[in-house]
Amino acid sequence: MRYSILPAIVLLAATGCVNMPETYAPPMQRLPQAGPDTSKLKHFVAMNDPMAMEHILRDVNPSLEGGMWRWTGQKPTFRFFLPTTRHLSFVMDFSLHADTMKQTGPVTISYFINGRPLDKISYDKPGEQHFEKAIDPSWLLKGSVNVASAELDKVFIAEADGAQLGLILMRAGFRE
Amino acid sequence: MPQAFYILFGAVFTCLVSVASGRLLLQKLGVRLYKQEELPFALLCGSALLSSLVFLLAAAQLLYKGVLLAAGAAILLLAWKRRAFRSEAPSLSPLPRGLLWIYTPLALLFGVFAFVHAMAPETSPDGTTYHLGLVARYYRERGFSFLTTHMYANLTQGIEMLFLYAYAFGRHSAAALVHFCFLLALPLLMVNHARRNRFGPAGLGAAFLVGMSPVVTLDGASAYNDVAVAAVMFGVFALAGIWDETRSNRLLPVLGLLAGFSFGSKYTAFPALLYALGFLFWRRRGAAWRPALTVLAAATVMIAPWLIKNSIVVANPVSPFFNRVFENPYVNVSFEQEYSQSMRNYPGLKSHWEIPLEVTIRGHVLNGVLGPVFLLAPLSALALRSSAGRRLVAAGICFGAVYAANIGTRFLIPSLPYVALAMALVFSRLRGVLPVIVLVHAISAWPPVLKKYCAPYAWRLDEFRLRAALRLEPEADFLSRKWPSYAVARMIEHSMPPDASVLTFIQTGEAYTARNIVVAYQSAFGNELGGILWTPLVPDYQPVRRVEFAFPRQPLLGIRLRQTSAGTPDHWTVNEVRLGDAGKELPRAPDWRLRAWPNPWGVQSAFDNACVTRWSSWRPANPDMFISVEFPAPRNVESVVVETSTDVAATRMELDGLTAPEQWLRLVIQPKETQLPPPLGLRREATQLIKEKGIGYLLVHENDLGSADFAQKQDLWGIALVGESHGYRLYRIQ
């Protein structure tokens, strides 16, 4: 009978004998599949990115609002560097302000890539919007700068100073 | 026909060796039973012994057909030499002949149907995936391997060891027939218990209620283990009663053996050991310590091997559970929580009030039906009027107590014999009622009748598979026609080289292929691979948040990121941690020491410069979580950047600096957050990483996340379609 607890002791001993390291060294460093980032320009930019203004060609207010977004004018236009052109979509996240829409009514936005019309969409309600559309690789320049723009059919015009307000833009660019 | 012979040989040989082992043990211990009790108890005890023998052979990498055959032959020879099959035991009181005339044809009808189903090629969901998938793997590899990617390999597998023995000779169907043997043993044990306690006719009726219950019949005719476990547990119950009656201490080692075998066959059968010990203390009060220790010692012999195996292989004796207690890199805490939750709440069940109808009549959501007669189960409470009834109800509650942990119908099987016996005790008080109920049950459980009222996709016996059972229809033809998983498994077998591994998101027929299948949900490794593969598909997993901790440049011995949120369900995840000085990132040096809590094993994922990997806490965020880097000597640091994702927005971080040994100083409370562009090339990076981790193929079902993306963007993923079957696509990673 005194040996009857032996298996339990063996079990407990086995449970405690697993030894695992407490610390680890940094592993092998991986390289990005899209290649090293040698350009100041990226394929995508958020408006709170410190490099955002490098990507803006026209009609986007330099002032960052709420740490997140910027007002656009009628035809916000951007430039992006594309290391690859396969299976890319153009993406834009923005918001339509209820107050501006009171004046403008529904807004139609035409999207262009390197001057080619990509899409045309009407928005009749305020709030956050996500635009995403795949692009034919033949429209794009690989390893080069590409231009994307969004043209609003009408913008809000402030009575006081005549300032034009289009979209509340959060981010835009290309993604796979 | 030769295949049918091997199947029968495998099953019969396994059962014979089990019975012989059991007879030798009972003979050696001098256990005295009634003649009718000897065979089923010999089967149960012998199964425990044979299961242990196979475990030892598997641990010693000795799973060869010759070794198994020789061991079995030696046991049979020893039993023959010691005349262990000879019985001089007295018989139990006979059963009324009239009842036997009613019940025998029913036994034959259901018995033959179930036997033929068991002998036909295996098509059960769990049988063809993990029960026999692991059995086939062990046999192929001549024993256990350090398998850390398959949570089902960490469960106790006492019954599967018997399947393994039979599989060596007759493959899948031989294993299912071994289970069928327990389907016969369970009703026999019930009848014997009733006869010994002088309610034989009621026991006979109860045995038929259980044996003909649709879920019991199908489970027992498949390579599952529920019916076998229920039989072993009933053996514990019955043997405890015999010990109470005879007070023979010779029974105690057998009681312990069976109680231990219950747990050694299924974790959820642990109440059998509690019942045995509780019964001893109840009946002997203060004098129960010595008998209890005997029972415990015998049980430990059956339980310990599994716990030790798990301790050695996956660092957790009761894996895949209790991972918070036994922290390990093989099963994540979050998986355990989600898995346990899913077992308690099957999708499709709107309310637990639906369970009674679901488990008795519908059977689709909870997989199988007991039969409508069991709607009368609450009447079994009336059995509390007798002492036998009270004991049955107590056992039923004890063995059924774990049902809440998994509400599938078949998890009621362990408590079903006690419910049926108690019901039968009640009905037998009314003359002629019990046989009528048994007949109604038989009619309602007969497969052609059953399909008229249960849910169309309820798990049930459907057809009489005689041609397939006898292999008059070739096994491959039958399985290709009836079981899509088989075709998928064969596609894997034909399209992949022998040493290749495939990653998949749902189980498939691994019992029919020798290739290594890694299922994403079945291990921490699988979780990691799944996360890598999903990152390109789910924008919320991508490293698009840049959290910067800037502070005055200073020499530090290390930095520590602490997560400070509490009460959020979000896991804390970190894609990359980058340290900066003089406006540049510090190159990561080999002498840096990285730590994390929890999941210390995954910390390198936050320092590998890969966009598709990330360290995760794998449990809801808590303020005790951290990631730290320590340097061998002080070095200047002025910033720490954490790249993380948007799915963990509720987590918060603070930064500490190690200014002197053991002296952590808070450096930054409010970091600055900006957004990063979603990286390009994620798909290719994901598949390359997975390939580096030993996975050469992906098996994607049409309902899997991103299945269309895999199909349409093969060039981005760097994969090529090599096979397609029943909604599955098999891709080779290039």
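For segment B:456-468, which positions are open to solvent by less than 20 Å² (accessible area, probe 1.4 Å) and either under 13 Å from B:THR128 (Cβ atoms) or under 27 Å from the mean Cα position of the chain (by Cα) (or both)?
Of everything in segment B:456-468, those that are open to solvent by less than 20 Å² (accessible area, probe 1.4 Å) and either under 13 Å from B:THR128 (Cβ atoms) or under 27 Å from the mean Cα position of the chain (by Cα) (or both) turn out to be B:ALA458, B:LEU461.
Find the strands (runs of 3 or more DSSP E) located wholly in segment A:68-176 whose residues include 2 or more that are away from chain B (no Cβ under 14 Å), open to solvent by 70 Å² or more (accessible area, probe 1.4 Å) and over 25 Å from B:LEU680 (Cβ atoms), and list them.
A:116-123
Residues in segment A:24-31: is at least one more than 8 Å from chain B (Cβ to nearest Cβ), modelled with pLDDT of 95 or more and touching a Leu at 6+ places or on another chain (Cβ under 6 Å)?
No, the conditions are met nowhere in segment A:24-31.
Can you go through B:GLY696, B:GLY727, B:GLY657, B:GLY718 and tell me which one is open to solvent by less than 30 Å² (accessible area, probe 1.4 Å), out of contact with any helix residue (DSSP H, G or I) (no Cβ under 6 Å at 6 or more places or on another chain) and on the phi > 0 side of the Ramachandran plot?
B:GLY727
Filter segment B:595-617 down to the residues that are more than 16 Å from B:ARG546 (Cα to Cα) and among the aromatic types (Phe, Trp, Tyr), then identify the one that is nearest to the other protein chains (Cβ to nearest Cβ).
Looking at residues that are more than 16 Å from B:ARG546 (Cα to Cα) and among the aromatic types (Phe, Trp, Tyr), I get B:TRP601.
Out of everything in segment B:581-594 that is within 8 Å of another protein chain (Cβ to nearest Cβ) and open to solvent by 70 Å² or more (accessible area, probe 1.4 Å), what residue ends up being nearest to B:ILE559 (Cα to Cα)?
B:ARG593
Out of the residues in segment B:20-31 that are in contact (Cβ under 8 Å) with a residue 40 or more places away in the chain and assigned to a helix (DSSP H, G or I), state the one that is farthest from B:ALA79 (Cα to Cα).
The qualifying residue farthest from B:ALA79 (Cα to Cα) is B:LEU29.
Evaluate the following for B:LEU357: is it among the aliphatic types (A, V, I, L, M), open to solvent by 70 Å² or more (accessible area, probe 1.4 Å), under 28 Å from the mean Cα position of the chain (by Cα) and at pLDDT 95 or above?
Details: among the aliphatic types (A, V, I, L, M): yes; open to solvent by 70 Å² or more (accessible area, probe 1.4 Å): yes; under 28 Å from the mean Cα position of the chain (by Cα): yes; at pLDDT 95 or above: yes.
So B:LEU357 passes the test.
State whether one or more residues within segment B:17-34 are crowded, with 24+ Cβ neighbours inside 10 Å and within 19 Å of B:MET119 (Cβ to Cβ).
Within segment B:17-34 (the criterion being crowded, with 24+ Cβ neighbours inside 10 Å and within 19 Å of B:MET119 (Cβ to Cβ)), the answer is yes, since at least one residue qualifies.
For segment B:647-719, which fully contained strands (runs of 3 or more DSSP E) count at least 3 residues that are closer than 22 Å to A:PHE44 by Cα?
B:672-675
Is it the case that some residue within segment B:644-651 is within 14 Å of chain A (Cβ to nearest Cβ) and open to solvent by 20 Å² or more (accessible area, probe 1.4 Å)?
Yes, that holds for at least one residue.
Considering only residues that are touching a helix residue (DSSP H, G or I) at 6+ places or on another chain (Cβ under 6 Å) and more than 21 Å from B:LEU183 (Cα to Cα), look in segment B:35-61 and name the one that is surrounded by the most Cβ atoms within 10 Å (Cβ to Cβ). Can you show your working first?
Here is the first cut: in segment B:35-61, the ones touching a helix residue (DSSP H, G or I) at 6+ places or on another chain (Cβ under 6 Å) are B:36-37, B:40, B:42-51, B:54-55, B:58.
Now restrict to residues that are more than 21 Å from B:LEU183 (Cα to Cα): B:54-55, B:58.
Working: B:VAL54: 26, B:PHE55: 22, B:ALA58: 21.
Per the criteria, the residue is B:VAL54.
Would you mind stating whether B:VAL629 is modelled with pLDDT of 95 or more, under 22 Å from B:PHE335 (Cβ atoms) and open to solvent by less than 30 Å² (accessible area, probe 1.4 Å)?
no
Which residue is nearest to the other protein chains (Cβ to nearest Cβ), if the candidates are limited to segment A:32-63 and must be modelled with pLDDT of 90 or more, farther than 30 Å from B:ILE627 by Cβ and in a loop (DSSP other than H, G, I, E, B)?
Selected residue: A:LEU41.
Could you grab the pairs with beta carbons closer than 6 Å, sequence gap of 6+ or different chains, first residue in segment B:577-595 and assigned by TED's automatic domain parsing to the domain that holds B:GLY558, second one open to solvent by 80 Å² or more (accessible area, probe 1.4 Å)?
Pairs that qualify, where the first residue is assigned by TED's automatic domain parsing to the domain that holds B:GLY558 and the partner is open to solvent by 80 Å² or more (accessible area, probe 1.4 Å), are B:ARG578/B:GLU585; B:ASP591/B:PRO632.
Give me the pairs: first residue in segment B:661-689 and more than 7 Å from chain A (Cβ to nearest Cβ) and more than 24 Å from B:ALA650 (Cβ to Cβ), second residue among the polar types (S, T, N, Q) and in a strand (DSSP E or B), beta-carbon distance under 9 Å, and six or more apart or on different chains, which are they?
If the second residue must be among the polar types (S, T, N, Q) and in a strand (DSSP E or B), the pairs left are B:TRP664/B:SER628; B:LEU665/B:THR659.
Report yes if B:TYR64 is outside the structural domain of B:ARG515 (by TED's automatic domain parsing) and open to solvent by less than 70 Å² (accessible area, probe 1.4 Å), otherwise no.
Criteria not met by B:TYR64.
Out of (1) of a type in the set (A, V, I, L, M, F, W, C); (2) without any contact (Cβ under 8 Å) to a residue 12 or more places away in the chain; (3) touching a Phe, Trp or Tyr at 6+ places or on another chain (Cβ under 6 Å), the odd one out for B:PHE263 is which?
(2)
Scan segment B:664-693 for residues that are within 40 Å of the chain's Cα centre (by Cα), open to solvent by 80 Å² or more (accessible area, probe 1.4 Å) and not basic (Lys, Arg) and report the count.
Selection size over segment B:664-693: 1.
Among the residues of segment B:333-343, write down those that are within 13 Å of B:ASN154 (Cβ to Cβ) and open to solvent by less than 40 Å² (accessible area, probe 1.4 Å).
Hits for segment B:333-343 are B:PHE335, B:GLU336.
From B:THR564, B:THR568, which residue is open to solvent by less than 20 Å² (accessible area, probe 1.4 Å), assigned by TED's automatic domain parsing to the domain that holds B:ALA649 and touching a residue at least 12 places away in the same chain (Cβ under 8 Å)?
Being open to solvent by less than 20 Å² (accessible area, probe 1.4 Å), assigned by TED's automatic domain parsing to the domain that holds B:ALA649 and touching a residue at least 12 places away in the same chain (Cβ under 8 Å) holds for just one of B:THR564, B:THR568, which is B:THR568.
Mind checking whether some residue in segment B:298-321 is under 19 Å from B:LYS266 (Cβ atoms), open to solvent by 10 Å² or more (accessible area, probe 1.4 Å) and away from every other protein chain (no Cβ under 11 Å)?
The answer is yes; a qualifying residue exists.
The values are calculated or read from the model by the stated rules, or taken from the named source; none is laboratory data. The structure displayed is predicted, hence computed values, not measured ones. All Cβ positions, even for glycine, are placed from backbone atoms using ideal geometry, and neighbour counts span all protein chains on display. What goes into the accessible areas is simple: the full protein's heavy atoms, side chains included, and nothing from ligands, DNA or RNA. Shrake-Rupley method; radii C 1.70, N 1.55, O 1.52, S 1.80 Å.
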